[in-house]
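One structure below.
Just so you know, all these numbers are worked out from the coordinates, no wet-lab data involved. Computed from a prediction, not measured in an experiment: that's the story for all the values here. Heads up, the Cβs are rebuilt from the backbone with ideal geometry, glycines too, and the neighbour counts pull from every protein chain shown.
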Amino acid sequence: MRSVIAVYVENKYGVLARVSGLFMRRGFNIDSLTVGETDDPRFSRITITLNGDEYVRDQLVNQLKKLHNIKQVKVLEPGTSFERELMLIKVRNTPANRSEIMAAAEIYRAKVVDYTTEAMSVEVTGEPSKINAFIEVMKPLGIVEMCRTGVVALQRGGNIMEK
Amino acid sequence: MKKEAKIMTGSQIVIETLIEQGVTDVFGYPGGQVLNLYDELYKASDRINHILTAHEQGASHAADGYARATGKVGVVIATSGPGATNLVTGIATAMLDSIPMVAITGNVPTSLIGRDSFQEINITGVTMPITKHNYFVTDVNELADTIREAFRIAISGRPGPVLVDIPKDVQLAECEFELAAPVEPFAENEADDADIERAVELINQAKRPYIYIGGGAAGQGMAMGIMALAEKLDAYIGCSFMGLSAIPSDHPRLLGMQGMHGHFASSMANKEADLIIGIGVRFSDRATGNTAKYAKRAKIIQLDTDLAEINKNVKVDVGLIGNLVSSFNRIYNRVEKLENPEWVKMVEGFKKHEAEIAAEAERRAKAKMPPKKIFDIINEIKDASTVIATDVGQHQMWTAQYARFERPRRFASSGGLGTMGYGLGAAIGAQIGSGDKTVLITGDGSFGMNLNELATAVSYNCPIVTVVMNNGVLGMVRQWQTLFFGKRYSNTVLQRKTDFVKLADAFGMPAERVETPEEFRAAFERAMKHDGPYLIDAIIDKDEFVLPMLPPGGSVDDIITDVKEEK
């Protein structure tokens, strides 16, 4: 079972270490973790994706809630939230590859952000499944290296997290 | 009283904030990065008492024992680097047993942080997993409020240790200081009405109710309520190790500790119950055995202030998350009076069987000094105010089984972490906090770990009677080796030549060695009358076992009540 969890934290000394340390010592395996400032610089927002059963998810949420610098923890349900991820991927640039990369980029609404005679770099944004699909398309062409941001997510409509 | 701001240094602010928060005693050990703090302690010595231990670990256990005996926050001070790392075991012990503690450490000046400076250690990083929260203070203007918040976190909800690390330049910097009131705990959650309703329904249907209490219930002033609930429901009370001393030992509804070395009757009642009401207890592996086989017949209601404890170790039917006393009272006031004569008959049968096992064991005991005899004598001579502290091992489990408690906060022992070497420091803290006679039950293994604190007990003339249950082996580990490792006694036979009586003499305190219950009685009477520390080296047989025992990963069905003759 995959869960997306949003966490509002105070921007205080060591808060990211507290959160990531919690995963380690409680034995939680997380898929991704992203963190960034919010509109209020006193707070950051962390988005965690996790594969695990209900027990693991509930324990993670409850243990997070106990950390002093954490203001709110919310499990984002797939139907009422949306998520995005960004990837930069560098693929070998050969005459045979070139048009295929360009075509795939167009279909996936990706952007070529760097171009040299050796390699092309493409920026793709979307749900993780779309990113995964793009990787599959690029694999036979020769992926040189790639980098994913991990998932960020918000609730749909007017629902917000209280700080 | 008119409040006025004064300009103070960080060090002065630390001491003034401690005094403001009601701290009267602190434990610690000076060093390079807390020189300024100790200078202020010197100046404030008429308002705050500092107890110098032999080692920072002893100070951390003393602060813990102090907190257990008084219910107040235990405070410990240490210098940077090794001073700080020496606190780690004590902080972890407090964390696992939910003991309120504030640890204050000095650190190198901020300009030297991160350069592996002399005696520099990132103690906030080290203690992150073993504190409720910790702080690295970089601005003197935030110092007072940080210490106040540390106290607040330490006492709120499920208590625990908080560490405040203060670099030397922050201790020297100046700012305005204004006195504040002692902190109040954060408001706690209140359990949902619907959950209370479900709990009440389950209780009203119960035919075999069992109340299972833990450290959360001990020392909360809940004893009267819990005893009344047991009467109201025709229920029995069992406890975890941490729940010991919460209910007077002679209460007819109390079956004692359940679990690995628990009482036969409580483990059986726990197994046969159709309803378990867990109060401030985390269903630890030592108390439940194999959770897959645990209490299969029972519905479980769990009351806890810590939301992460609900369903953590055992899946419960109703979890009441919130202030324990409040959840308890809401249930108590709404449940019906129950009569469960068949259950009473069944449990009284377990108690009878337990008594028979004990009597049989006593009849067959060949040892010159059976451990139980030691406790019989201690129970007879000590009074209700006597604090009992222990180390970890066989002697600790015998204490759990045999020591009798008349009131809460008279027991200090490392339950969750199982810290050998905890006892003497804790006894010192508990004695100083309570002002009452304290008995330390220890073993020759545990005692050997931190016996340097005898120096502290002598310096402060603490009336602590140390009873070393000396069997020349690491008894608990050896017991496992006997039962589960084919009697291969790897590194558990100490064969040391340490003479604890001479050792006590060297530390400047009286001591004697005893080998029979009669000798022990006479020595213990002398020791209890002595004004100051006293040591009794009580020689026991190495083949005395802690029984009953549920094998690790087993259940009450696998209970071992007897071990075939040694040799």
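The charge dipole of the range B:6-177, taken about the Cα centre with unit charges on the Cβ atoms of Lys, Arg (+1) and Asp, Glu (-1), comes to about 440 debye, rounded to the nearest 20.
Considering only B:ILE300, B:GLY216, B:ASN333, and ranking their Cα positions along the charge dipole of the range B:193-349 that arises from unit charges at the beta-carbon of Lys, Arg, Asp and Glu, the one farthest toward the positive end is B:ILE300. The overall shape of chain B is oblate: from the C-alpha gyration tensor, with semi-axes ordered a ≥ b ≥ c, the ratio a/c is 1.5 or greater and a/b is no larger than b/c.
Put simply, the amide H of B:GLY278, placed in the peptide plane, has neighbours under 5 Å in B:TYR212, B:ILE301, B:GLN302, B:LEU303, leaving out anything fewer than 5 places away on its chain. Rg of the Cα atoms in the protein assembly as shown, relative to 2.2 N^0.38 Å, amounts to 1.09.
From most to least packed by mean Cβ count within 10 Å, the peptides B:392-404, A:147-159 give B:392-404, A:147-159. Sequentially through the range B:70-84, phi angles give Karplus couplings (6.51, -1.76, 1.60; θ = phi - 60°) of 10, x, 7, 6, x, 10, 9, 10, 8, 7, 6, x, x, x, 5 Hz, Gly and Pro residues having no value and appearing as x.
Excluding residues fewer than 8 places away in the same chain, name every one of the lysines whose C-alpha is closer than 24 Å to that of B:LYS299. Cross-link targets: B:LYS207, B:LYS232, B:LYS271, B:LYS312, B:LYS315, B:LYS337, B:LYS345, B:LYS351. Projecting the Cα atoms of A:THR49, A:LEU86, A:TYR13 onto the dipole axis of chain A, where Lys and Arg carry +1 and Asp and Glu carry -1 at the beta carbon, places A:TYR13 farthest toward the positive end. About its Cα centre, the dipole of the protein assembly as shown is roughly 1240 debye, where the only charges are +1 on Lys and Arg Cβ and -1 on Asp and Glu Cβ. Using the Cβ-Cβ distance between B:ALA522 and B:GLU362 with R0 set to 22 Å, the FRET efficiency works out to roughly 0.55. Of all lysines in the structure, those lying under 18 Å Cα to Cα from B:LYS382, and not within fewer than 8 positions of it along the same chain, are B:LYS372, B:LYS373, B:LYS437, B:LYS529. Expressed in Å, the radius of gyration and Dmax of the Cα atoms of the range B:193-349 are 13.6, 37.
Normalised Debye scattering of the range B:119-168 at q = 0.22 Å⁻¹ gives log10 I(q)/I(0) of -0.79, counting only Cα atoms as equal scatterers and leaving out solvent. Taking amide hydrogens as placed 1.01 Å from N in the peptide plane, the amide H of B:VAL102 sits under 5 Å from those of B:GLY74, B:VAL75, B:VAL76, B:VAL162, each at least 5 positions away in sequence or on another chain. Across the range A:9-26, computed HN-Hα scalar couplings (Karplus, 6.51 cos²θ - 1.76 cosθ + 1.60, θ = phi - 60°) run 10, 6, 6, 10, 3, x, 5, 5, 5, 4, 5, 5, x, 4, 4, 5, 6, 9 Hz from first to last residue, x flagging Gly and Pro. Ratio of Rg to Rh for the range B:368-543: 0.94 [Cα atoms; Kirkwood radius as inverse mean 1/r over pairs]. Rounded to the nearest whole Hz, the Karplus-based 3J(HN,Hα) values (6.51 cos²θ - 1.76 cosθ + 1.60, θ = phi - 60°) of the range A:50-66 follow the sequence 9, 9, x, 6, 4, 4, 5, 4, 5, 4, 4, 4, 5, 5, 4, 4, 7, with x at glycine and proline. Taking the alpha carbon gyration tensor of the range B:1-148, multiplying each eigenvalue by 5 and rooting it gives semi-axes of 22, 20, 15 Å, largest first.
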